[in-house]
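Notes to accompany the following structure.
The values are calculated or read from the model by the stated rules, or taken from the named source; none is laboratory data. Because the structure is predicted, anything quoted here is derived from the model rather than measured. All Cβ positions, even for glycine, are placed from backbone atoms using ideal geometry, and neighbour counts span all protein chains on display.
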Amino acid sequence: MPTARVLECPAFGLDHLRLATREIGEPGPGEVRLRLEAASLNRRDLLLVEGAYNPKQTLPVVPCSDGAGIVEAVGPGVTRVAVGDRVALHFFTGWISGEPNADKLATALGGPGGDGTLATRMIVSAEAVVRLPEAIDTATAATLPCAALTAWSAIVDLGRVRPGDTVLIQGTGGVSLFALQFAVRAGARVIGLTSSDERAAVMHRLGAAEVLNYRAEPKWANAVREAAGGRVDLVVEVGGATTLDQSVRCVRPGGTVALIGVLGGNFATFNLSLAVMRQVRLQGVTCGDREAFEAMLRAIAVFGIDPVIDSRFPLDEAPAAFARMKADAHVGKILIDLA
C-alpha cells in the first residue's frame, strides 16, 4: 500500500504542526495519485493553521493550497492526464469554468475542500489537475495556483488592464509581485508601494516605473496620484482595513480597486461618498477557475514570468516556513520541497 509523509494540523497553532505517515491507496474512478515535488505557502494557509481562517475547520487537516508534481497513477476513466505527466493542482478543485458559486468555492484545497498539498503523495480528482507546459519548471509551478492566478484574475480577467493604463501594486508578497509582472506585460505603467528600499529594488527590477514608501508617507493617496499624473486605473489592494480608504482616494473616477488581501484587518472604514460619486468599482478577487488557470499557464509559457522565490524549506522544516510568513520576513513566495 503506497504511503505519504504529510504535515498535519491536529489542533490550531504553529506549535501543533506535526509530521505523520498515511496510507494513500490507489486512485478510484476519475481520480489520480500524484507524487508531489513542491508546495508553496499563502497567507490563507497560515490563517488556517492558526484557526483564524475557519474556526470550525475539521481537524486534523493537511494545510496548503498550492502544489505541483508528477502523475503517479490514474484511476478508471481518466483521460485528461497520463502517468508521468507533470501537473499543477488547481486550488478550487470543483470550479472548472464560469461564475463562482457556493458549491464551487467549497472545494478549496487545504480547508473546506479537504486536505491540502503538504504531502509527498495525494489522491485528487483528475479534474483538479492541469498539465504543465515544458517551459514551466515543476517546482516553481507550485507557486502559481493561488498567488499567480489571483494576480491574473485581478489584472487580466477582472481588471481588464490595457496598454497605457496605470496600476498601483501594494507590497511584495506573492500576489503583488505576480500582479506587477502581469501588468507590465500588459503594457501598463506600474507604481509600487512598499516599506523599504530593499523591497523597492525588487519591484523596480520587475518593471515598476516608480515605488513609494508607505512607512515614510502613511497617507500616500496624494503622492500616488501625483506620481501617476492623476490617473490610477486599477489598485491591487492587499492591505484591507488599513489601506482601503487610501486606495479609494487615489483611484480615478470609474477605476477599479481589486480587493484581494486583508493583511491589515477584515473590517474597513472608508469614504463611501467618494466611491459612489466617482463610480469606483470594488472588485473582490478570489483566485479563479481552472480554465483561467490553463490560460495563464499558456501565457506564462509564451511570455515568461519570474516567480520570486524568497526561500525554500524541506518538509521536515515546514513549521519554520510558516513562522517566516508569520513574521512578514519574506519577499515573494516561500517554497516547501516535498520530493
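Would you point out the residue of the range 2-21, among those that are under 30 Å from Val74 (Cα atoms) and crowded, with 17+ Cβ neighbours inside 10 Å, that is farthest from the chain's Cα centre (by Cα)? Give the derivation first.
Initially, the range 2-21 is screened for residues under 30 Å from Val74 (Cα atoms), giving 2-10, 18-21.
Keeping just the survivors that are crowded, with 17+ Cβ neighbours inside 10 Å gives 4, 6-9.
Details: Ala4: 25, Val6: 22, Leu7: 20, Glu8: 21, Cys9: 21 Å.
Restricting to residues being under 30 Å from Val74 (Cα atoms) and crowded, with 17+ Cβ neighbours inside 10 Å, the top hit is Ala4.
Looking at the structure I just gave you, is Arg86 in contact (Cβ under 8 Å) with a residue 60 or more places away in the chain and under 22 Å from Ala139 (Cα atoms)?
On the way: in contact (Cβ under 8 Å) with a residue 60 or more places away in the chain: no; under 22 Å from Ala139 (Cα atoms): yes.
Judged against the criteria, Arg86 is not a match.
Enumerate the pairs (first residue in the range 14-26 and over 17 Å from Ala321 (Cβ atoms); second residue anywhere and part of a loop (DSSP other than H, G, I, E, B)) with beta-carbon separation below 8 Å, excluding pairs fewer than 6 apart on the same chain, so at least 6 apart or on different chains.
Glu23/Met1; Glu23/Pro2; Ile24/Met1; Ile24/Pro2; Gly25/Met1; Gly25/Pro2; Glu26/Pro2; Glu26/Gly75
Would you check which residues across the range 185-205 are assigned to a helix (DSSP H, G or I) and among the small types (Gly, Ala, Ser) and list them? It would help to see each step written out before you state the result.
Pass one, the range 185-205, residues assigned to a helix (DSSP H, G or I): 185, 197-205.
Ala200, Ala201, listed by residue number.
Here's a check for you: in the range 281-339, which residue that is outside any strand (DSSP E or B) and acidic (Asp, Glu) is modelled with the lowest pLDDT?
Step one: filter the range 281-339 for residues outside any strand (DSSP E or B), giving 285-308, 315-331, 338-339.
Filter again for acidic (Asp, Glu), leaving 289, 291, 294, 306, 316-317, 328.
Numbers: Asp289: 97, Glu291: 97, Glu294: 98, Asp306: 83, Asp316: 96, Glu317: 97, Asp328: 89.
The selected residue is Asp306.
Among the strands (runs of 3 or more DSSP E) lying completely within the range 1-85, list those that include at least 3 residues that are modelled with pLDDT under 95 and either of a type in the set (Gly, Ala, Ser) or not assigned by TED's automatic domain parsing to the domain that holds Gly110 (or both).
On the way: elements: 3-8, 18-23, 31-40, 66-74.
It comes to none.
Residue by residue, here is whether (1) surrounded by 15 or more Cβ atoms within 10 Å (Cβ to Cβ); (2) under 18 Å from the mean Cα position of the chain (by Cα) holds:
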| residue | (1), (2) |
| --- | --- |
| Ile155 | yes, yes |
| Val161 | yes, no |
| Thr172 | yes, yes |
| Phe178 | yes, yes |
| Glu226 | no, no |
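Within the set of pairs 6+ apart or on separate chains, which have a first residue in the range 154-173 that is outside the structural domain of Glu99 (by TED's automatic domain parsing), a second that is among the basic types (Lys, Arg) and surrounded by fewer than 24 Cβ atoms within 10 Å (Cβ to Cβ), and C-beta atoms under 6 Å apart?
Listed pairs, sorted by first residue: Thr166/Arg189; Thr166/Arg231; Thr172/Arg199.
Any chance you could count how many residues in the range 136-153 are out of contact with any Gly (no Cβ under 8 Å at 6 or more places or on another chain) and either surrounded by fewer than 24 Cβ atoms within 10 Å (Cβ to Cβ) or not in a helix (DSSP H, G or I) (or both)?
4
Is there any pair with a first residue in the range 207-229 that is touching a residue at least 24 places away in the same chain (Cβ under 8 Å) and a second that is in a helix (DSSP H, G or I) and not aliphatic (A, V, I, L, M) whose Cβ atoms are under 7 Å apart and which are 6 or more apart or on different chains, and what are they?
Filtered contacts from the range 207-229: Gly207/Gln181; Lys219/Gln246; Trp220/Gln246; Ala221/Gln246; Ala221/Arg249; Ala221/Cys250; Val224/Cys250; Arg225/Cys250.
Please tell me if Ala258 is touching a residue at least 60 places away in the same chain (Cβ under 8 Å), in the same structural domain as Ala179 (by TED's automatic domain parsing) and not basic (Lys, Arg). Give the steps one after another, and end with the answer.
Working: touching a residue at least 60 places away in the same chain (Cβ under 8 Å): yes; in the same structural domain as Ala179 (by TED's automatic domain parsing): yes; not basic (Lys, Arg): yes.
In short, yes.
Which one of these is in contact with a strand residue (DSSP E or B) (Cβ under 7 Å, 6 or more places away or on another chain) and more than 26 Å from Arg312 (Cα to Cα): Ala102, Ala73?
Values: Ala102 fails: in contact with a strand residue (DSSP E or B) (Cβ under 7 Å, 6 or more places away or on another chain).
Just a single option satisfies the conditions, and that option is Ala73.
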